[in-house]
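Okay, structure first, notes after.
The values are calculated or read from the model by the stated rules, or taken from the named source; none is laboratory data. Note that this is a predicted model, so its numbers are computed, not measured. Every residue, glycine among them, receives a Cβ derived from its backbone with ideal geometry; neighbour counts consider all protein chains shown. All accessible areas refer to the heavy atoms of the entire protein, side chains included, with ligands and DNA or RNA removed. Shrake-Rupley method; radii C 1.70, N 1.55, O 1.52, S 1.80 Å.
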Amino acid sequence: MTTTTADLDALITDLQHGQKIWSSLTVDDRRGLLASLGAAIQQHAQEWVDVACTIKQLPADSPLVGEEWISGPYALASGVGALSQSLAALASGRSPLDGYHLSEAPGSRVAIRVLPHNVFDRLLLNGFTAEVWSKPEVTAEQLRNSAGLGQRRPEQGGGVGVVLGAGNIFSIAPLDTLYEIFAHNRTVLLKLNPITDPLLPVFEKVFSRFIELGLLRIVTGGIEIGADAIAHEGVGHVHITGSIRSHDAIVFGPGEAGRARQARGEVLLDKPITSELGGVSPTVVVPGRWSKRDLAFQAEHIVTQKLHNNGYNCVASQVLVISDDWAQKDAFLSELRVAYASATGRPPYYPGSADRTDAAVAAHPGATRLGKDGARILLEGVSPDGDIAFTEEYFSPVMTITSLPGTGQQFVDRAVDFANERLAGTLGANIVIHPRTIRQLGDGFTQAIARMRYGTVAINAWTGVGYLTSRATWGAFPGHTIDDVQSGIGLVHNALLLDHTERTVVHGPFRPFPRSVATGQLAISPRPPWFVTNKTAAVTGRRLARFAGGPSWAKLPGIFASALRG
């Protein structure tokens, strides 16, 4: 049943009472809540995925169902497990960072290796690594002593917060809710995006213990309910995952009047707000000498970065940056067109998708429509000097290709400058580069990564891997303000409950197994299950989700058997 404005007073009163209960719970008590949550995820995972597939109109036998397993129950179960380990460290008087490898990163930063974390990571994600980088001049001691955030002061309540859930990836709202509760000691009123309203019964079952204790209330409804919840005097904080337009309407008010207030710097919202708002994400292809199979595999990789969830991702790659002087440029673009056109089709479930693709075509007379239904848009030959595709997040299957002169370090530096200065948003950026080229560039490449102003940078991987790495941070590059919010303010996930962080840096294998080993790379990961071309993604995704809920050696053979057939 849709929530009414009259219901809000009672719900927020419940959450205020829940604050007292939360403040009385020890860290060990809170670990018990996480254990019950983990068990509930496993119990209701199949129902969750079934409902998700109904929302997204995916056939039950489609490999694309794997996206819902991995970005749904798997992501939440992984986050719960990692967060529970952080609380165990705190309960025993240790820092959540104890036992983690810390090293120097460029610019007087500290790098924390968060992937792989254990032997299972090394086996299941072999060849993938992730580091969280601190802000400049932060010491390792500061990181260790501050890790834990609100759980270092469990008795201090953080008030009631509103979480405005996303409508595209169905673990976002649960993970955002968990972060508000555990990082900030807030009880939460979660307002679902209307797209996800059918998941309300599932989420109520999954979070039943949190709801029983008054730590969480989940509501549905339209914009009016969200606005009334935000404005309620009993609410002290707002978190939104959505669009910059939604954020600005909350902060300054809707329509022309809101834009006029923003221009005057006149804020309507009388409480703090954090946000994750997406942006225009780039993929930089660094020229090198690639084999034909490299060209084909990386074309699939980039198409996945675009077409996962049909492009309805906050870090869907929108702008491909390629070198004018790459000898294999034409061969690569040929492979890309084939992969983009031939990837499995799916319905445009997200509202406004067709309007946004039509707008992209209207603004680019040379646009190409690909796929059986012509719903995939390729914008080639776009000038790097400026284009609406660099500032407007299409949030649909639209890919833009632009090019810059140069090779080697010169090209990398130009591409970094282009991404930093021309593209809207700072959430995530991808780089595809041959390992030989990385070695040739040496420290110059490392320094280029440090210059990128993005919350997650992925090298030979998609930034979505950062989203799935529960101990990594997820959010915009720090420094935005509510009047120029870009990709948002603050962060989420962050199961180590770290403070003073700047970004996550992900590395992946350039080639899949077995070709990786045959060509001298020590990586045994096959084609990843999140690839849109993976034939066994649904089976692998389901098995990974079950594994995340209870890691064991006995579950590995089934995962490997399915993954290798993908």
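Quick look at the numbers
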| quantity | calculated |
| --- | --- |
| A39/T13 FRET efficiency (R0 35 Å; Cβ-Cβ; nearest 0.05) | 0.75 |
| FRET efficiency, E204 to K292 (Cβ-Cβ, R0 45 Å, nearest 0.05) | 0.30 |
| Karplus-derived HN-Hα couplings along the stretch 46-61 (A = 6.51, B = -1.76, C = 1.60, θ = phi - 60°), whole Hz, x at Gly and Pro | 5, 4, 3, 5, 4, 5, 4, 5, 5, 4, 8, 6, 9, x, 4, 9 |
| Around A88: net Lys/Arg minus Asp/Glu count, Cβ-Cβ under 15 Å | +2 |
| Nitroxide proxy distance, nm - points 7 Å out along Cα→Cβ at A260 and Q410 | 5.2 |
| Centre separation in Å (Cα based) which lies between the stretch 433-471 and the stretch 310-326 | 15 |
| Cα centroid separation, the stretch 282-303 to the stretch 1-58 (Å) | 42 |
| Summed residue charge, Cβ within 13 Å of G99's Cβ, Lys/Arg positive, Asp/Glu negative | +3 |
| Virtual spin-label span in nm between D358 and R94, 7 Å along Cα→Cβ | 5.9 |
| Nearest-10 value in Å² for the accessible area of K135, using the 1.4 Å probe | 90 |
| Distance between the stretch 249-281 and the stretch 163-232 - C-alpha centres, whole angstrom | 21 |
| Average accessible surface area per residue within the chain, 1.4 Å rolling probe, Å² | 37 |
| Pairwise label distance in nanometres, D385 with N145, each label 7 Å out on the Cα-Cβ vector | 5.4 |
| Mean ellipticity per residue at 222 nm, deg cm²/dmol - from DSSP H runs of n ≥ 4 across the chain, formula -39500 (n - 2.57) | -13000 deg cm²/dmol |
| Net charge of Cβ neighbours under 13 Å - reference Y340; Lys, Arg +1; Asp, Glu -1 | +2 |
| Heavy atoms of R436: accessible area, 1.4 Å probe, square angstrom to 10 | 70 |
| Solvent-accessible area, 1.4 Å probe, carbon plus sulfur percent, for the chain | 54 |
| For R30, solvent-accessible area (1.4 Å; no DNA, RNA or ligand), Å² | 0 |
| Karplus-derived 3J(HN,Hα), 6.51/-1.76/1.60, for each residue of the stretch 100-111, Hz, glycine and proline x | 8, 7, 10, 9, 7, 10, x, x, 6, 9, 10, 9 |
